[in-house]
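To start, the structure under review is shown below, and the notes come after it.
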């Protein structure tokens with residue numbers, strides 16, 4: 001099967017994607033140095049999966065990774081009675097491979113199956129860890145939206161950070177990293193962004209209301225201090241955290257916008273350039289077009305500008321306190337979007353890696369380091385002020 005990605009790029013004369021061999025080499029290199037999007041995968045497992053990758057079709061992609069997930073899933077089941085902690089970690093490993101099997105978007109029978117298995121393994125993991133991770137479901141415009149809530153132990157009414165997944169990440173990914181908040185007495189609610197995972201809300205102006213509904217639901221919980229809320233979004237998730245920072249300024253203690261699209265990202269001239277970048281490992285057009293619900297490049301380029309926060313007239317409005325994070329060499333979201341936010345409206349803080357790419361990461365600075373050294377302390381400080 002030939003991906004529509006190749007046809008669209010050939011027609012648009014945008015730089016071609018990696019060949020199969022180039023893709024394998026790049027993925028293994030990133031796995032060897034613990035880089036996104038395979039930072040959580042083991043290099044030897046990655047090598048085995050890549051041996052089994054036969055083509056660039058999305059079904060073949062999923063079929064290469066699912067057996068590794070199956071192996072960890074079987075280990076986890078065997079360990080449940082004797083060592084719950086080891087079983088939980090094996091379930092988490094299984095989830096990571098299943099999630100990469102659905103990367104970057106669930107758009108074929110096997111990528112959908114891989115995503116379903118990821119959710120199954122995550123739910124098994126969530127029940128075994130201490131404190132447990134509980135499903136958190138609420139409604140927005142008649143649609144059920146599910147996230148994952150985790151609270152620190154021995155904190156009767158903790159503050160909370162709402163974290164928003166990006167284009168290709170899912171709430172299950174984020175819920176692993178967010179365990180760091182618990183050490184600071186902070187709860188978290190991990191959510192998919194609109195148009196991804198289990199958040200089927202259509203991407204359009206006003207969709208940020210799903211996060212307002214999440215805050216409404218949190219306010220009904222006697223075990224959460226919903227007067228102390230921060231929202232954090234990375235990549236496309238940063239677009240939503242920025243929107244919520246304006247729409248809910250009175251109910252938020254702070255907002256983190258890490259590499260979030262604001263205005264320039266949505267312009268056709270940027271997309272024509274960015275769709276050919278090599279920073280994103282593969283399947284960028286499929287992932288970006290899927291969240292809009294469009295198929296062709298022309299439809300995609302026409303849809304984006306309606307999401308501009310600048311054109312909506314919000315940038316000069318007051319907002320909740322914001323931390324803006326990115327790398328000046330980002331090839332996926334233009335750094336100018338960060339500067340648009342920074343020089344508009346309420347005073348904001350910013351951290352920019354001069355040598356960093358998307359999210360501020362570089363070959364010498366990894367995602368988890370930026371999170372632990374920059375984002376986490378800021379979030380905790382805002383919630384404790």
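The values are calculated or read from the model by the stated rules, or taken from the named source; none is laboratory data. Given the structure is predicted, the values throughout are model-derived calculations rather than measurements. All Cβ positions, glycine included, derive from the backbone under ideal geometry; neighbour counts span all protein chains shown.
Summary table below
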| item | result |
| --- | --- |
| The lone exception for residue 175 - which of (1) within 27 Å of residue 336 (Cα to Cα); (2) surrounded by 23 or more Cβ atoms within 10 Å (Cβ to Cβ) it fails | (1) |
| Helices (runs of 4 or more DSSP H) enclosed by the stretch 189-275 - at least 2 residues per element that are closer than 26 Å to residue 348 by Cα and touching a helix residue (DSSP H, G or I) at 6+ places or on another chain (Cβ under 8 Å) | 209-219, 236-247 |
| Check on residue 31, surrounded by 15 or more Cβ atoms within 10 Å (Cβ to Cβ), under 23 Å from the mean Cα position of the chain (by Cα) and modelled with pLDDT under 95 | no |
| Residue list for the stretch 319-344, filter: in contact with a strand residue (DSSP E or B) (Cβ under 9 Å, 6 or more places away or on another chain) and in a loop (DSSP other than H, G, I, E, B) | 319, 320, 321, 328, 329, 333 |
| Yes/no for residue 21 being assigned to a helix (DSSP H, G or I), at pLDDT 90 or above, closer than 21 Å to residue 169 by Cβ and more than 22 Å from the chain's Cα centre (by Cα) | no |
| Qualifying position, being buried (at least 24 other Cβ atoms within 10 Å of the Cβ) and under 23 Å from residue 356 (Cβ atoms), among 341, 323 | 341 |
| Residue 314 being over 14 Å from residue 167 (Cα atoms) and in contact (Cβ under 8 Å) with a residue 12 or more places away in the chain | yes |
| Some residue of the stretch 38-51 being in contact (Cβ under 8 Å) with a residue 40 or more places away in the chain, buried (at least 23 other Cβ atoms within 10 Å of the Cβ) and assigned to a helix (DSSP H, G or I) | yes |
| Some residue of the stretch 376-384 being within 30 Å of residue 32 (Cα to Cα) and crowded, with 16+ Cβ neighbours inside 10 Å | yes |
